[in-house]
Amino acid sequence: MILLYEGGFRGFLGCVFEAFARASAADPSARNGADWIERLADVGIERRDRYIPALFAESTIVPHNGARADRTEAGLMHALGREGFDAAVKAYLSERPGIDTALLRFFARCIDRGMGQSARLEIPENFAVFEASRRSGIEAHRFMGLVRFRELEVSGAAVYYAPIESDCFVLPLIARHFADRFNDRDWVIHDAGRDAALVYRVGSGVDLAEGFSLDLPVEGLYSGEERLIQAYWRRYYADIAIDERVSRKRLTGRMPVKYWKYLVERN
Amino acid sequence: MDLAGKLSILADAAKYDVSCSSSGSDRASAPGSLGSGSVGGICHSWADDGRCISLLKLLLTNSCIYDCAYCRNRRSNDIPRTSFTPDEVVDLTMQFYRRNYIEGLFLSSGIVRDPDHTMGLMLAVVERLRVRERFNGYIHMKAIPGADPATIRRAGLLVDRMSVNVELPTEASLKLLAPDKSREAIFSPMALIGNAKAEFLEDGKRLRSVPSFVPAGQSTQLVVGATPESDRTVLGLASALYRKFELKRVYYSAYVPINVDSRLPVCAPPERRENRLYQADWLLRFYGFGVDELFEGGDGNLVDSLDPKAVWAIRHPEFFPVEVNGADYGVLLRVPGIGVKSARRIVAARKSGRLGPEDLSRLGVVMKRARSFILCSGRAPVSLLSDGRESRIVRGKAGLGQLLLPL
Ligand code: SF4
């Protein structure tokens, strides 16, 4: 059975709840809190828009339920501890194929056998979770450097705007860093691939906005100085390389081409 | 000259300084002021040569009253000269930082008029950034040998890192290639920075709200390959510097031929030499190796084709195999394929049971390299490579400790 959810992490938590609830209902005699690994073996979770129906697989949509998501979050926090829970969230944000189901198995194992089990990386779902959370972490750290703000003038006020495209959904992971660092101006970091954005307003902090899009080209909103500063930066970028040591291989190894699209200095 | 022209010349002139790190400072952000530090450092871009760009690296001016043979800015070169005004640097830094192009500023300079005057100009940049602009990002500043100690101390209170470049490993080489500099003049500001840092740390223990003095410490750079010194001489100096001045880092910069000069070699040293020096430097700082050990039986230079730790292991068959279930931490560190992290994990993990080859892989040991140097409970580990499991486990080693082990 594949449980489908809509929306983000809380929708996913609703499915986790549903999975455990169904397993208990199907076998009420089993002692609560044991053997989840086996009882959940046939259940999978997938976000609805990513689900590709497979032959013979049954699926059902789990409607959004805030109270259940809250309970699940509290329960998992208790079972995994703060760090374990954070690692699970990071893994979730990787959006790697199959990670939602791997997380469900990971939870089941941690609840059955204790958190010590999570370090056993020869177990496939543990490895998947570990690997996925590591990837999100690495990509989030990369974007702390790769975000490039453009200074826009929107009805007389300066707003800093940065488009990005990332493999993992990094916005939640970089929000705090940018809110700390750039706290004296309004700014937006726009995940153009997901139509989501971090929106920071001086005084009211940072919000994650979904369904964010720009209807006009940003170039039209550039502040008077923006083009000049970009030109300075490109020039600096070109001049700082040591010509005798130019190496495309080393460059693309450290900064893969997929990240170049919105980099001022590479365009 | 317009700002773009200046930027070209003064960035170009600064690019041979290899230090780029923005790490080591956790300068906290403050509401209403721009910026914060990041302990681990952040790379913002990578240049065409593959080097990380973290700081805006600039010279305040490329005019210089000195005549160091290896330097493009030397007095005797006929090149266009220009300088930034302090405000131009402040402005570029702020504009770039706001757009998240950079982690902060790395400011160096040719010597104009005299060292103290030069340092004063640099200090003006840093003061305006910190005080007027309330800039909280990372600043690395060169201290100019011969500047007034008071100026250096003032700067130390504002920047995250200061460095004085030793450049050449011996007094004789300095005399030959940088006749205006002396060891004495280079070491005295290093000592000053080291002592001031210690003083402030000491005060910080007793008093509250003592400002921090170069919180990310001091570093230096040694040019290798411009003069005939051996790796042994270079590393001997580096290890003395670490000890004496509590340097955070010594950077090794492979000499790049820029000037035609009969005192200089025509070719750059192989890039590999720089790598091997960094590896050896690491062994000195974190693995308990002494300089002499690295060169036993050799000719005073590191072996080109093998990393220095493997070389030592091969020269010391009597030391191996090492029993991982019993050997001390320091002994484990000598095994190729075992790093600081994995050695620590081994010591912790074996308290709760004997370790076998698979446990070692999981703890981050690179079995491919370690296998022939260790025993697990008296037995040599068997190769696991055939079933492909090892490579998978090894891939996962990197962040295991941070992410999942503490759970
Ligand atoms: S002091 Fe020497 S190394 Fe420094 S800028 Fe002047 S000539 Fe170059």
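The values are calculated or read from the model by the stated rules, or taken from the named source; none is laboratory data. Keep in mind that what you see is a predicted model, and the values were worked out from it rather than measured. Glycine gets a Cβ as well: all are built from the backbone with ideal geometry, and neighbour counts include every protein chain shown. When the accessible area is computed, the model is the full protein with side chains, heavy atoms only, and any ligands, DNA or RNA have been set aside. Shrake-Rupley method; radii C 1.70, N 1.55, O 1.52, S 1.80 Å.
Would you mind working out the magnitude of the charge dipole of chain A relative to its Cα centre, with +1 at each Lys and Arg C-beta and -1 at each Asp and Glu C-beta, to the nearest 20 Debye?
On the way: 37 positive and 39 negative charges, 158 e Å.
In total the dipole reaches around 760 debye.
Any idea of the accessible area per residue across chain B, 1.4 Å probe, to the nearest Å²?
Computed with neighbouring chains in place, this is 41 Å² per residue.
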Phi to ³J(HN,Hα) by Karplus 6.51 cos²θ - 1.76 cosθ + 1.60 over the stretch A:261-267, Hz, x for Gly, Pro: 3, 9, 7, 3, 6, 9, 10
Mean ellipticity per residue at 222 nm, deg cm²/dmol - from DSSP H runs of n ≥ 4 across the protein assembly as shown, formula -39500 (n - 2.57): -12500 deg cm²/dmol
Rounded to 5, percent antiparallel among DSSP beta bridges of chain B: 15 percent
Kirkwood hydrodynamic radius of the stretch A:147-266, Cα pairs, Å: 15.8 Å
Residues in the stretch B:63-97 occluded by at least 20 Å² - accessible area, probe radius 1.4 Å, against chain by itself: B:Gln95, B:Phe96, B:Tyr97
Carbon and sulfur %, accessible surface of the stretch B:1-144 computed with the full protein complex present, 1.4 Å: 51 percent
For chain A, accessible area per residue (1.4 Å probe, heavy atoms of protein chains only), Å²: 48 Å²
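Taking only C-alpha pairs under 8 Å that are 6+ residues apart, what is the relative contact order of the stretch B:156-252 in percent?
38 percent
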Max mean-square fluctuation residue, GNM over chain B, Cα-Cα springs under 10 Å, options B:Thr220, B:Thr118, B:Thr82: B:Thr82
Computed E for A:Ala54/A:Glu210 - FRET, C-beta separation, R0 30 angstrom, nearest 0.05: 0.60
Inter-site label distance for B:Glu202 and B:Leu157 at 7 Å from Cα along Cβ, in nm: 1.8 nm
Residues with amide H under 5 Å from that of B:Ile139, placed H, sequence gap 5 or more: B:Leu105, B:Asp160, B:Arg161
All-pairs alpha carbon distance profile, chain A, 5 Å steps from 0, percent: 1, 5, 11, 14, 15, 14, 11, 9, 8, 6, 4, 2, 1, 0, 0
Spatial separation of Cα centroids for the stretch A:164-230 and the stretch B:47-82, in angstrom: 36 Å
Rounded to 5, the percent of DSSP beta bridges in the protein assembly as shown classed as antiparallel: 35 percent
Rg/Rh for chain B, where both radii come from Cα atoms and Rh is the Kirkwood radius: 1.01
Long-range HN-HN contacts of A:Asp186 with modeled amide H, under 5 Å: A:Tyr160, A:Val202
Highest-fluctuation residue, A:Arg250, A:Arg50, A:Arg135 considered, GNM on chain A with Cα pairs under 10 Å: A:Arg250
The stretch A:147-266: relative contact order in percent, alpha carbon pairs under 8 Å with at least 6 residues between: 24 percent
Percent carbon-and-sulfur accessible area, the stretch A:147-266, ignoring ligands, DNA and RNA, probe 1.4 Å: 48 percent
Backbone HN-Hα couplings from phi across the stretch A:125-138 [Karplus 6.51/-1.76/1.60, Hz, Gly and Pro as x]: 5, 5, 5, 4, 5, 4, 5, 5, 6, 5, 4, 4, x, 5
Within straight-line cross-link reach of B:Lys351, lysines at Cα separation under 28 Å, skipping those fewer than 8 residues along the same chain: B:Lys309, B:Lys341, B:Lys368, B:Lys397
Cβ-based net charge around A:Leu214, under 13 Å, with every Lys or Arg adding one and every Asp or Glu removing one: -3
Full-stretch length increase - B:Glu358, B:Ser377 - with 0.36 nm per residue and alpha-carbon distance subtracted: 5.5 nm
The protein assembly as shown, dipole about Cα centre (Lys/Arg Cβ +1, Asp/Glu Cβ -1), debye to the nearest 20: 1160 debye
A:Ala192 paired with A:Arg47, simple spin-label distance in nm, labels 7 Å along Cα-to-beta-carbon: 1.9 nm
Cα lying deepest toward the dipole's positive end in the protein assembly as shown, options A:Phe130, B:Thr85, A:Ala69, charges on Cβ: A:Phe130
Interface residues in the stretch A:70-86 - accessible area drops by 30 Å² or more relative to the isolated chain, probe 1.4 Å: A:Glu83
Carbon + sulfur, % of accessible area of the stretch A:1-104 - ligands and nucleic acids excluded, 1.4 Å: 53 percent
Those residues of the stretch A:146-166 for which accessible area with every protein chain present is at least 30 Å² below the isolated value (1.4 Å probe): A:Arg148, A:Phe149, A:Tyr160
Relative contact order computed over chain B (Cα-Cα under 8 Å; 6+ residues apart), in percent: 11 percent
Debye log10 I(q)/I(0) at q = 0.05, 0.09 Å⁻¹ for the protein assembly as shown, Cα point scatterers: -0.29, -0.93
Beta bridges per DSSP with both ends in chain A, % antiparallel, nearest 5: 55 percent
Solvent-accessible area buried by pairing B with A, both sides, nearest 100 square angstrom, 1.4 angstrom probe: 5600 Å²
Area of B:Leu363 that stays accessible when all protein chains are in place (1.4 Å probe, Å², to 10): 20 Å²
Other-chain or far-sequence residues with amide H under 5 Å of B:Val223's (modelled H): B:Glu167, B:Leu168, B:Ser253
Sites B:Arg350 and B:Arg132 - FRET efficiency at Förster radius 60 Å, r taken between beta-carbons, to 0.05: 0.60
Residue-by-residue Karplus 3J(HN,Hα) for the stretch B:350-355, coefficients 6.51, -1.76, 1.60, Hz, glycine and proline x: 6, 4, 9, x, 6, 9
Only Lys, Arg (+1) and Asp, Glu (-1) charged, at Cβ; the stretch B:148-195 dipole about Cα centre in debye: 100 debye
